[in-house]
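These notes are about the structure you will find just below.
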Amino acid sequence: MACPPAAADFESLLVSWNDGPTKTKIVNFVDNVINTVDPSDRIAVFDNDGTLWTEKPDYIQVSFIEYYRGINPSVNLETPDCSTEPQITPEQYKQEARQFLDTQNHPYLGFQYIQLTFKPMVELVNYLQSNDFKVYISSGGGTDFIRSFAEDAYGIPPENIIGTTTKAEYCDPENDGTFVLLKTKILVEPINDGKRKPVGIDRYIGKKPIMAVGNSSGDLQMLDYTDDHIGPALMMLLHHDDTRECPYAELAQIDCPYDDPVFDVANDRR
């Protein structure tokens, strides 16, 4: 008689988590999933800003754009296209973003931006991946910006990033027969936030997730979409209320209908 599959060891992977009901519910959920859900359907989606890394006092992408404008005032990262000079390719954008993240420090916390990940959430991502989950990011932030660091910071590959993006154009800006892919100023609708997050998930994944993790009212529709009342599903909100982070609004201000766990930074994090 074949033994049921065993979950990856949570004790060695969730090392920043205190024992408690939140951790227990996650581990029990994963134990159930590996015995009942095919790996092809083990899909988890995470918000990025405020969930996987800090978003205070400003979104880090906003800080990057302001920084880049200061050193390259002739380049508009938000509206370059084949009719403006100079142009920027997606790869150039990602290189510039990564250089910023690797070299510039957060104004309050004093660490390089690339270091400002939430360790318990990164551990959760890796724990899910060790149990054959495909983990995606669904964020209102820019797709190329997140792609510049997500694989190194979280272990989430660039093809698993769902964000807000602009169209790209394959064109010959110098009219010399040399074609390059350039970012344009045309938004790919919709902006990936709130009720548009399920639209992006369906567009780019084509399956409903069975787990969703967020931290704000802009994530509630993603959690609602995950909760189809058919198979196993886990929806979780992250609550920042400790003194180690920048100030956050109280989670009580968010009208969340779920009984699933809330990761309370002050209590659930070691």
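Placing unit charges on C-beta atoms (Lys and Arg positive, Asp and Glu negative, everything else neutral), compute the dipole magnitude of region 10-268 about its Cα centre in debye, rounded to 20.
Computed about the Cα centre, the dipole is about 160 debye.
In what order do T103, T166, T143 fall by count of nearby beta-carbon atoms within 10 Å, going from fewest to most? Intermediate results must be reported in sequence, preceding the final value.
Details: T103 11, T166 19, T143 22.
Sorted ascending by nearby Cβ count, the order is T103, T166, T143.
Taking the number of other C-beta atoms within 10 Å as the exposure measure, put Y68, Y113, Y108 in order starting with the fewest.
The most exposed by this proxy come first: Y108, Y68, Y113.
Ratio of alpha-carbon Rg to the 2.2 N^0.38 Å globular estimate for region 10-268, to two decimals, please.
Working: Rg = 19.2 Å, N = 259, 2.2 N^0.38 = 18.2 Å.
With N residues counted in region 10-268, Rg over 2.2 N^0.38 Å equals 1.05.
Sorted from fewest to most neighbouring beta carbons within 10 Å, what does the list D58, D228 look like? Present the calculation step by step, with values, prior to reporting the outcome.
Working: D58 15, D228 11.
Least crowded to most crowded, the residues run D228, D58.
Give me the extension gain from N72 to S217: residue separation times 0.36 nm, minus the current Cα-Cα distance, reported in nm with one decimal.
48.7 nm
Treating cross-link reach as a plain straight distance, find the lysines whose alpha-carbon is under 25 Å from the alpha-carbon of K56, omitting any fewer than eight places away in the same chain.
Counting by Cα, and skipping residues close in sequence, K56 has these lysines nearby: K94, K119, K195, K197.
Every number in this text was worked out from the coordinates using simple rules, so none of it is lab data. Bear in mind that the values here come from a model prediction, so they are computed numbers and not experimental data. Don't worry about glycine lacking a Cβ; one is built from the backbone with ideal geometry, like all the others, and counts go over all protein chains shown.
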